[in-house]
Amino acid sequence: MRKLIDKLTDGGKLRYTPTQLWYAAARNRTPAGGTSYGCVAVAFILATGFFAMLIMGTNEFDPDVVRSTLVIAGVFLALVLLLTFRGSRRAKWSGTVEVPMPLSTFRTSVIDRWTVVYSRPLGLKDEGHVQFPVLPALPDGGTPRLVVLCPDRDVLACLALNGAHKTHSLALAQSLDQLGNISNGPASAGGPGPVGIVLHDASPAGLAFAAATRAALGGRVVVAGMLPRTVLDKPNALRLRKPLRSGDLDVIRSSTPPLTAAEADWLSRGWWSPIAAVPPAKLLAVVARAVDRAEGMADPDRGRAQQVGFLTWPTAS
């Protein structure tokens, strides 16, 4: 716990949510997928052998009874082994993979217990205290030019708790419906509305959210969410698996940018990875890089300056 807390807070400087701590604790402890049916097969073999011996023994090992019993037992065991092998393969390729301990249990058995013994973990803040959309306090009382959109409440709460909306003067919203609630004054100069920075899971649902946001904002979007390739390239990334929903395969096939064959196969087998498992320091760094790109869209002058290599538009000294 102390190592997890130190990593999540980046040495005591950052804040995080219970869900982020839960995911951090689950890393390298989540099953790799698949279920062993070996015990089931062994149990059937032993049971079949026991009953076969019992039947043959009660018939004083009559040759005809022995022959019939062995044939029936052999056929039965062959069917059992075939079914267990197929079941094991099916579980390996399509079985559900979840965090071993439910979040509710983690809160009571780990966080609450730690709080009783050692006091509340450093930097831990409950995401329930953050109300969305979160708006920055702009000097002119205008509308933010940038909005971070993410369906995961914990991710936005982490950004808010660490002051990302103040640092970058951006709003935080969970859905496109909340975009109508971010206007608190006249729109800022530079374009016909805010530029969206999209954060999402490496999942079909995340890809669908990015596509819907891109369509709603007319291309004024910087997608900074997780793609399967970022998970596949990192052995320690948290990998979970659940059954695909209706339409998920269509989302995978129509993804923008297009997925590689390995990425599409990974998602098609139900694998996904939550962006809430990304440590706060990395999450804030991703947002900072996305803000640089989004500001070029929100401010045409700045965008042209970025294209010619200036960090900011030159002004007279």
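I need the phi-derived Karplus couplings for the stretch 61-78: 6.51 cos²θ - 1.76 cosθ + 1.60, θ = phi - 60°, integer Hz, Gly and Pro marked x.
6, 4, x, 5, 5, 4, 4, 5, 5, 5, 5, 5, 5, x, 5, 4, 5, 4
Sort the stretch 109-253 into rounded, prolate or oblate with this rule: let a ≥ b ≥ c be the square roots of the eigenvalues of the Cα gyration tensor; rounded if a/c is under 1.5, and if a/c is not under 1.5, prolate when a/b is larger than b/c, oblate otherwise. Write down the numbers at each step before the final one.
Working: a/c = 2.31, a/b = 1.12, b/c = 2.07.
Taking the square roots of the gyration eigenvalues as a ≥ b ≥ c, the stretch 109-253 is oblate.
Across the stretch 211-221, in residue order, what do the Karplus-derived ³J(HN,Hα) couplings come to in whole Hz, using 6.51 cos²θ - 1.76 cosθ + 1.60 with θ = phi - 60° and x for Gly and Pro?
Values, residue by residue: 5, 5, 5, 4, 5, 6, 9, x, x, 7, 9 Hz.
Rounded, prolate or oblate for the stretch 192-290? Axes are the square roots of the Cα gyration tensor eigenvalues, ordered a ≥ b ≥ c, and the cut-off for rounded is a/c under 1.5.
In terms of gyration-tensor shape, oblate.
Under the rule of at least 5 residues apart or a separate chain, name every residue whose amide H is placed under 5 Å from the amide H of Leu146.
Result for Leu146 returns Ala171, Val195.
Please calculate the 1.4 Å probe accessible area of Val71, with all protein chains present, and give it to the nearest 10 Å².
90 Å²
Quick query: amide H of Arg239 versus all other amide H atoms, modeled in the peptide plane; which residues come in under 5 Å with a sequence gap of 5 or more or a different chain?
For Arg239, whose amide H was placed from the backbone, there are no distant partners under 5 Å.
The values are calculated or read from the model by the stated rules, or taken from the named source; none is laboratory data. The structure presented is a predicted model; accordingly, all values stated were derived computationally and were not measured. Just so you know, the surface numbers come from the protein's heavy atoms only, side chains and all, with ligands and any DNA or RNA stripped out. Shrake-Rupley method; radii C 1.70, N 1.55, O 1.52, S 1.80 Å.
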